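Structure first, then comments.
Just so it is clear, none of the values below were taken in a lab; they were calculated from the coordinates. Predicted, not measured: the structure shown is a model, and the values here were computed from it. Don't worry about glycine lacking a Cβ; one is built from the backbone with ideal geometry, like all the others, and counts go over all protein chains shown.
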Amino acid sequence: MNKNFKKDSFWVGGKFTVLEIIKNAKRKIHQIIVHEKNKKVLDKFNFKNIRVKIENDKFFDKLFKKDFDIHQGFAAEVEKLEKIDLISKI
């Protein structure tokens with residue numbers, strides 16, 4: 001579906017999930033997709049160097065396979081976080 005999808009990244013959905021990811025300085029965000037009905041939320045955030053796109057139901061149905069209906073019109077493509085070796089931290 002997304003030609004630019006990177007193998008070290010994945011999609012997450014949900015309004016509060018995506019909004020919390022934006023606040024996390026350690027999280028690399030490739031892009032944020034917001035449903036056209038949620039455009040007003042965009043004005044409340046500073047997205048700096050994050051690509052933001054407005055999409056419709058068809059996009060979200062395709063991305064989340066229709067059976068995943070808890071995206072609330074918000075999606076983010078994020079990079080995986082670096083794994084931490086907890087044993088070496090002790």
In region 11-28, anything surrounded by 13 or more Cβ atoms within 10 Å (Cβ to Cβ) and of a type in the set (A, V, I, L, M, F, W, C) is listed as Trp11, Val12, Val18, Leu19, Ile21, Ile22
Answer with yes or no whether Leu81 is touching a residue at least 60 places away in the same chain (Cβ under 8 Å) and under 17 Å from Ser9 (Cα atoms).
-> no
Could you please find all residues in region 29-77 being touching a residue at least 40 places away in the same chain (Cβ under 8 Å), surrounded by fewer than 14 Cβ atoms within 10 Å (Cβ to Cβ) and more than 11 Å from Gly13 (Cβ to Cβ)?
-> Lys62
